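Notes follow the structure.
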Amino acid sequence: MIDDLYSARILMLAANLPHAGRLAAPQGTGERTAKLCGSRATADVVLDDDGRIADFAQDVKACALGQAAAGVLGQHVLGATADELRQARDAMIVMLKSGGEGPTGRFEDLRVLKQVADYPARHASTLVALEAALEAVEAAQTARTRLAGAA
């Protein structure tokens, strides 16, 4: 059973983390920690004029499952909107907790983590990167709104 959880695909995704690091001048930053295991993700974003992610970096210290989710996120995040991230996060929660099929569209590859549903202690670590990215986009949107209001 543990071999199914840590498949070759999961381990490959965990080992290849796109956009690793931090941005020098992010418009928004998000940080999430899984309290049970200590997995942590920090995401930085820069948005384009349409509110899509134009630049992205992530610093993830997580188990292989959290790293794998961050790997999928990093592959598909450029060009994403807050709504796409929110829908992916919500679909991941339903997949992990209620037997849903998982995200569709841009983040459909997160379905590779469907078997994590059988391991509730791993749910939070699987979500940290996605939640940090969404928090970063929301922070960038808030900062943009404040700047527009001040002008």
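Suppose R0 equals 25 Å; then what is the FRET efficiency for SER98 and ALA8 from their Cβ-Cβ distance, rounded to the nearest 0.05?
For SER98 and ALA8, the calculated efficiency is 0.35.
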- Item | Per-selection Kirkwood Rh - segment 82-151 (Cα, Å, 1 d.p.) | 13.0
- List, largest first, the extents of the alpha carbons of segment 24-64 along their principal axes, each in whole Å. 38, 17, 15
- Query: Length gain on complete extension for the stretch GLU138 to ASN16, per 0.36 nm per residue less the alpha carbon to alpha carbon distance?
  - Reply: 41.3 nm
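What size of dipole, in debye to the nearest 20, comes out for segment 101-151 about its Cα centre when the only charges are +1 on Lys and Arg C-beta atoms and -1 on Asp and Glu C-beta atoms? Write out the running numbers ahead of the final one.
Values: 6 positive and 7 negative charges, 34 e Å.
Result for segment 101-151 is approximately 160 debye, rounded to the nearest 20.
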- What is the magnitude of the charge dipole of the chain about its Cα centre, with +1 placed on the Cβ of each Lys and Arg, -1 on the Cβ of each Asp and Glu, and no other charges, expressed in debye to the nearest 20? 380
- Query: GNM, the chain, Cα, under 10 Å: largest mean-square fluctuation among LYS97, LYS35, LYS61?
  - Reply: LYS35
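Could you give the length gained by full extension between ALA24 and ARG111, i.e. 0.36 nm per residue of separation minus their alpha carbon distance, to one decimal place?
Details: separation 87, 0.36 × 87 = 31.32 nm, distance 3.17 nm.
Full extension from ALA24 to ARG111 adds 28.1 nm.
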- Note on the structure: Expressed as a percent, the accessible surface of the chain that is carbon or sulfur, using a 1.4 Å probe and the full set of protein chains, is 51
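The values are calculated or read from the model by the stated rules, or taken from the named source; none is laboratory data. Just so it is clear, the model here is predicted, and its values are computed rather than measured. Methodologically, a virtual Cβ is constructed for each residue, glycine included, from the backbone with ideal geometry; neighbour enumeration extends over all protein chains shown. Protein only, heavy atoms only, side chains kept; ligands, DNA and RNA dropped before computing areas. Shrake-Rupley method; radii C 1.70, N 1.55, O 1.52, S 1.80 Å.
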